[in-house]
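One structure below.
The values are calculated or read from the model by the stated rules, or taken from the named source; none is laboratory data. What you see is a predicted model; the values in this text were computed from it and never measured. Backbone-built Cβ (ideal geometry, glycine too); neighbour counts: all protein chains shown. The area values use the complete protein model at the heavy-atom level, side chains included, leaving out ligands, DNA and RNA. Shrake-Rupley method; radii C 1.70, N 1.55, O 1.52, S 1.80 Å.
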Amino acid sequence: MSDLNKLQDQILDQYPAKVMKNRKEHILIKDSSKELSIAANTRTIPGIITNRGCCFAGCKGVVVGPIIDMVHIVHGPIGCAYYTWGTRRNKGKTRDGGKNFLAYSFSTDMQESDIVFGGEKKLYKAIEEAIELFNPRAISITATCPVGLIGDDIHQIAKQAREKFGIPILSFSCEGYKGVSQSAGHHIANNRLMTDIVGKKDIEPGKYSINLLGEYNIGGDEWEISRVLNKIGYDVVTTMTGNSTYDEIASAHNSDLNLVQCHRSINYIADMIETKYGIPWMKVNFIGVDAMGESLRNLAKFFDDEALSARTEEVIAEETAAIKEEMEKYRKLCENKTAILFVGGSRAHHYQGLLSEIGIDTVAAGYEFAHRDDYEGRDIIPDIKLDADSRNIEELKVEKDDKKFRLRMSQEQYEKLKAQIPLSEYKGLIHEMKDGSVLIDDLNHFETETLIKVLKPSFFGSGIKDKYIIQKMGVYSKQMHSYDYSGPYAGFRGAVNFARDVAAGMLTPAWSFVKAPWNTQPAIKGKVFEEGA
Ligand code: CFM
């Protein structure tokens, strides 16, 4: 414990006083005897090398982009479209007779003259061209930074095009600068999906109908989760938004339960659907063998049906037996190692169970852009202070839909169930970490290096911006966003894929050839300025 307090000092002491004061609030050592609170979802200090993305990334890249049969037009200079082209690995399968535009990247490719004279005409033409060439089910228009700065009215253009072409055209004011991170983009996307898609198509779903929210089919995760859900007998009406179509999302209000995998990116929709249509939501975690089993059991409890529970147990037994031997093999190879996890807004929590199943202990974890509730649990939501940045994002006022609202159970039944399963509940990352472990929000480059030097982990699960810096320090790093071209990692079969990749990555002889620069070169020390000088 004292070593870890030292770590905190080692990081903070290097900062000028103002920065120190700010960063101190974002770093915690877990101590279950204390009420802990962490600063999160606040502006990164200018000049600090953060791993965060932008609001546009959260809206187009994360939530809207995975819908397969929509053409997603990025209104902006080409870089924003180019860098979101295929990099997130949200896969999607074309439905019979349907369309799939995931392999494409659409952009208005704004030039200097468009910045000076406005890009609205170009946007309208792009919509026209997309409809002519591709005839999509619907179109999204996402705004990048310059669009907001020059004041192009994308909503007016969308309206004109809707009237002319008669298909849904959704516009998102998700300019990159709009929030402190991609998290703002999630919220903006959630709002528009709710007002413009969900509820638009009525269907009669099968028995045990569910939606899978906050699952984006990275590396095929959703396919593996749905394989198991279908095997048990669930009807997955839609995923939001991995491997989804416009019409499937439009039918979401017909299901009986929403499952929430990634709380950060989709909890707004889960709440809004409950208010508007009466569908409860339950937190799940499909990463790791135990977490997967527990989520499936909770799901069976929700439907309270003996045959369903029996089938659930049968499938869990069958699936775990099939992977047991291999998991055991990798556990032997990975045992007694430690990990640091630093990922977006949910995976730094979700992967801890799976890591411990192969004998790896997570000693430090944190998020790029999660909010306090993702760390401390949803109970603290009323205490979260809104700052200017969060006020920038519209809060939709959703009301009960008189025609389509349907209570799924009595209030009494709901309360009874809530005592057993996580309905409208998320306890957060801090809750599950061991005493003495480090929690760190909006980790930066300097802190990454310090954590590695002090904690000497064998595995660092993080992102593309820091992966190779970490590996140059001789530590295996896995890209936890795109899975380094691997996957799926969710569910039972996914757990084996992850275990195999981690064992291979950690144990490759390549590490014996890496010498960190500080082992061969003398360090040059200096100070740019003294605080107050
Ligand atoms: Fe949710 Fe995600 Fe994540 Fe996220 Fe993301 Fe992602 Fe992520 Mo990258 S929606 S918060 S904005 S689980 S793209 S699929 S891996 S940072 S931890």
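If we scan the range 345-353, do we find a residue that is more than 16 Å from the ligand (Cβ to nearest atom), polar (S, T, N, Q) and buried (at least 16 other Cβ atoms within 10 Å of the Cβ)? I'd like the intermediate steps shown before the answer.
Step one: filter the range 345-353 for residues more than 16 Å from the ligand (Cβ to nearest atom), giving none.
Scanning the range 345-353, I find no residue that is more than 16 Å from the ligand (Cβ to nearest atom), polar (S, T, N, Q) and buried (at least 16 other Cβ atoms within 10 Å of the Cβ), so the answer is no.
Looking at this structure, is L333 more than 22 Å from R264 (Cα to Cα), touching a residue at least 40 places away in the same chain (Cβ under 8 Å), open to solvent by 10 Å² or more (accessible area, probe 1.4 Å) and more than 16 Å from the ligand (Cβ to nearest atom)?
On the way: more than 22 Å from R264 (Cα to Cα): yes; touching a residue at least 40 places away in the same chain (Cβ under 8 Å): yes; open to solvent by 10 Å² or more (accessible area, probe 1.4 Å): yes; more than 16 Å from the ligand (Cβ to nearest atom): yes.
In short, yes.
What are the residues in the range 23-50 that are open to solvent by less than 50 Å² (accessible area, probe 1.4 Å) and either among the charged types (D, E, K, R) or assigned to a helix (DSSP H, G or I) (or both), if any?
Here is the first cut: in the range 23-50, the residues open to solvent by less than 50 Å² (accessible area, probe 1.4 Å) are 23, 26-31, 36, 38-42, 44-45, 48, 50.
Selection gives R23, K30, D31.
Could you run through the range 163-172 and say how many residues are in a helix (DSSP H, G or I) and surrounded by 17 or more Cβ atoms within 10 Å (Cβ to Cβ)?
Keep residues of the range 163-172 that are in a helix (DSSP H, G or I), which gives 163-165.
Then keep just the ones that are surrounded by 17 or more Cβ atoms within 10 Å (Cβ to Cβ); that gives none.
Qualifying residue count for the region: 0.
Can you tell me how many residues within the range 51-70 are among the β-branched types (V, I, T) and either farther than 16 Å from A189 by Cβ or surrounded by fewer than 21 Cβ atoms within 10 Å (Cβ to Cβ) (or both)? So that I can check it myself, show each step before the final result.
We begin by selecting, within the range 51-70, every residue among the β-branched types (V, I, T); these are 62-64, 67-68.
Next, only the ones that are either farther than 16 Å from A189 by Cβ or surrounded by fewer than 21 Cβ atoms within 10 Å (Cβ to Cβ) (or both) stay: none.
Selection size over the range 51-70: 0.
With G61, G53 as the choices, which residue is part of a loop (DSSP other than H, G, I, E, B), within 16 Å of the ligand (Cβ to nearest atom) and of a type outside the set (A, V, I, L, M, F, W, C)?
Working: G61 fails: part of a loop (DSSP other than H, G, I, E, B).
Of the residues listed, the single one that is part of a loop (DSSP other than H, G, I, E, B), within 16 Å of the ligand (Cβ to nearest atom) and of a type outside the set (A, V, I, L, M, F, W, C) is G53.
Tell me whether the range 178-199 contains one or more residues that are over 17 Å from the mean Cα position of the chain (by Cα), open to solvent by 20 Å² or more (accessible area, probe 1.4 Å) and over 29 Å from D235 (Cβ atoms).
yes
For the range 217-227, indicate whether the set of residues that are within 16 Å of the ligand (Cβ to nearest atom) and closer than 14 Å to S140 by Cβ is non-empty.
The answer is no; no qualifying residue exists.
From the list G97, G148, which residue is outside any strand (DSSP E or B), open to solvent by 20 Å² or more (accessible area, probe 1.4 Å) and either modelled with pLDDT under 95 or under 19 Å from S244 (Cβ atoms) (or both)?
On the way: G148 fails: either modelled with pLDDT under 95 or under 19 Å from S244 (Cβ atoms) (or both).
The conditions single out G97.
For (1) open to solvent by less than 20 Å² (accessible area, probe 1.4 Å); (2) within 16 Å of the ligand (Cβ to nearest atom); (3) under 30 Å from I323 (Cβ atoms), each residue gets a yes or a no:
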site	(1), (2), (3)
Y246	yes, no, no
A252	yes, no, no
L257	yes, no, yes
V260	yes, yes, yes
F286	yes, yes, yes
E294	no, no, yes
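Tell me, which residue of the range 449-485 that is in a loop (DSSP other than H, G, I, E, B) and open to solvent by 20 Å² or more (accessible area, probe 1.4 Å) is nearest to I11 (Cα to Cα)?
Taking the range 449-485 as the starting set, the residues that turn out to be in a loop (DSSP other than H, G, I, E, B) are 456-458, 463, 473-475, 480-482.
Among the residues that remain, those that are also open to solvent by 20 Å² or more (accessible area, probe 1.4 Å) are: 456, 458, 473-474, 481.
Details: K456: 15, S458: 21, M473: 18, G474: 21, H481: 26 Å.
Taking the candidates together, the pick is K456.
Of all residues in the range 356-373, which are within 13 Å of the ligand (Cβ to nearest atom) and within 21 Å of D290 (Cα to Cα)?
Result: A365, single match.
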